[in-house]
Amino acid sequence: MSADGYLQPPPASSHRPTRRNTTGSNVRAGRSMPTQGLAFSYDDVDIEDDIQMQADQIRRERKRAKLQQEAEAALTRTVSMQNRQSSSKEDDNRVLIGNLIGEGHVNYVLMYNMLTGIRIAVSRCQAKIKRPLTDDDFTARHKYSFDIVGNELTPSAKYDFKFKDYAPNVFRELREDCFQLDPADYLLSLTAKYILSELGSPGKSGSFFYFSRDYRFIIKTIRHSEHKFLLSILKEYHSHVKNNPHTLLSRFYGLHRVKLPRGRKIHFVIMNNLFPSHKDIHEVFDLKGSTVGREYPEQKAANNPRAVLKDLNWINREKMLELGPEKRALLTEQLRRDSELLKKVHVMDYSLLVGIHNMRRGNRDNVRSNTLKVFSPTVPAIRRKNTQIKGGRSPEAIAMRQAMRQSDPKRLGAGTLDLPEEDTGDRQQFIFYQDEGGLQATDETNRAADTIYYLGVIDILTPYSGVKKLEHFWKGLSADRHKISPVAPTEYGERFFSFMKAIMRGGGGGARFKQE
């Protein structure tokens, strides 16, 4: 057994393996069989090998038959259970954890496959000795194939799927050296319970994401174009993060792909969750520096206090980032550096996500527990089997897969959302996360106020493509071309930086960015 807990092929050895006791004789522990007077010829060894092979074959056949019987029995039990449950469907729904996701729902399968693939890929990468990165590491791709039987490289899985891990050594260095994540802590957080929340991102990307069980990490689906773009700028991103450990840019911890049956491919990234697990966020703003069409209706906002508000909401509510001279200077400089990188790699459409925690209100509204649900897919025991028929076509694989199709994976069992009430302290070494995981407001004498800001630059994977150029032209026909969201990267970066300086205390406010 390896350090990561998975079975590995036994090491090659020149010594003959110890024979198993197949005769049923009783050999006491600590004592060996007497060898005096016994002599073995090569013919005797060959005969014994043949007997051993026959015995192993018989055992495999018996085990296969037993599995077939167990699968058929499971089918019978499942059918009878479903008949009994059909009359009390409403009662069943009350005890479900998370959304009602059945075997045919892609999100159940997707979540299960993500969990399994991440667990194996990250463990394999961590088991290797660290070494300096090379150019090949930025284009490396490691493939894993999962099925219900398992093989020498991967354990058995509930579903058949393929998993790809991109640039694993690069992301390992980002996690451990740049973002100072503990490898074991990272793996444990990602491969246990999920907090299921099919939330759209603040933008219009159509992505959805899931939180890790401790609310620290986000698993976010991305488009194929975003996946390709991230790989194309990975070297620049890695260099920037290495030279700017306090960066406000989204922190990418891994890039992966799941290929489902019938060829569907889903790319996703693992990122930091900007918001803390121990504090309620009372207001959220998504700020781009654009003011055309950048308003969430205030009437809707009154009925939905957890809505993501936009630039015009911030301006009309006369909000300011209340920071003293010291923190204001640090934030301004870091935003300048980050926006310079984004201009360099020709990115636009990003935004500053601002979460506001009012320390006077504290956690009495229980926002987190009221909006998040637990999703805990069952992970099978890791086991491998030697079968005469390779892959997923063996009799036991067919029987087990048939039983799983008839089962009811919606019944995930009881569970509770147990979020901490104290900061874990894992981000305090970074300037903008040093105060309870965020940046506490200060007055002009740098004394602490009763507001904590959680800040980060998000959605940084949108290049200024032909589609965005057409969008710029079309929206520019009816509005100020300099105030619409899609503009060229250089102009976008300069406007973004100017807007962020303006909305800090002493910056004059963002009203001058409004369309006249």
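The values are calculated or read from the model by the stated rules, or taken from the named source; none is laboratory data. As the structure is a prediction and not an experimental result, all values here were calculated from the model. Using ideal geometry, Cβ is built from the backbone for each residue, glycine included, and neighbour counts are taken over all protein chains shown. Side chains included, ligands, DNA and RNA excluded: accessible areas come from the protein's heavy atoms. Shrake-Rupley method; radii C 1.70, N 1.55, O 1.52, S 1.80 Å.
Inside the stretch 279-306, residues that are surrounded by 16 or more Cβ atoms within 10 Å (Cβ to Cβ) and either assigned to a loop (DSSP other than H, G, I, E, B) or of a type in the set (A, V, I, L, M, F, W, C) (or both) make up a count of 16. For the stretch 466-502, filtered to residues that are of a type in the set (V, I, T) and closer than 28 Å to T332 by Cβ, the residue that is surrounded by the fewest Cβ atoms within 10 Å (Cβ to Cβ) is T490. Among the residues of the stretch 261-278, the ones that are in a strand (DSSP E or B), more than 28 Å from N366 (Cα to Cα) and not aliphatic (A, V, I, L, M) come to 3 in all. Of the residues making up the stretch 492-516, those that are among the aromatic types (F, W, Y) and under 32 Å from the mean Cα position of the chain (by Cα) are Y492, F496, F497, F499. The number of residues in the stretch 307-326 being in a strand (DSSP E or B) and touching a helix residue (DSSP H, G or I) at 6+ places or on another chain (Cβ under 9 Å) comes to 2. Under the condition of being modelled with pLDDT under 95 and not in a strand (DSSP E or B), which residue from the stretch 155-167 is most open to solvent (accessible area, probe 1.4 Å)? The extreme case among them is D160. Considering only residues in the stretch 227-253 that are over 15 Å from V345 (Cα atoms) and charged (D, E, K, R), the one that is least open to solvent (accessible area, probe 1.4 Å) turns out to be R251.
Go through the residues of the stretch 447-461 one by one and say whether even a single one is assigned to a strand (DSSP E or B), over 20 Å from R336 (Cβ atoms), of a type in the set (S, T, Y) and open to solvent by 10 Å² or more (accessible area, probe 1.4 Å). So far as the stretch 447-461 goes, yes, one or more of its residues are assigned to a strand (DSSP E or B), over 20 Å from R336 (Cβ atoms), of a type in the set (S, T, Y) and open to solvent by 10 Å² or more (accessible area, probe 1.4 Å).
Scanning the stretch 470-491 turns up no residue that is more than 31 Å from the chain's Cα centre (by Cα), within 21 Å of L274 (Cβ to Cβ), part of a helix (DSSP H, G or I) and at pLDDT 85 or above.
Among the residues of the stretch 264-298, the ones that are of a type outside the set (K, R) and within 19 Å of I503 (Cβ to Cβ) come to 16 in all.
Just for the stretch 333-353: of the residues that are within 17 Å of F430 (Cβ to Cβ) and touching a residue at least 40 places away in the same chain (Cβ under 8 Å), which one is surrounded by the fewest Cβ atoms within 10 Å (Cβ to Cβ)? Across the stretch 333-353, the extreme among qualifying residues is R337. The numbered conditions (1) open to solvent by 50 Å² or more (accessible area, probe 1.4 Å); (2) at negative phi; (3) touching a Gly at 6+ places or on another chain (Cβ under 8 Å); (4) of a type in the set (D, E, K, R) are all true for E318 except (2).
Looking at F268, is it within 30 Å of R427 (Cβ to Cβ), open to solvent by less than 20 Å² (accessible area, probe 1.4 Å) and of a type outside the set (S, T, Y)? Yes.
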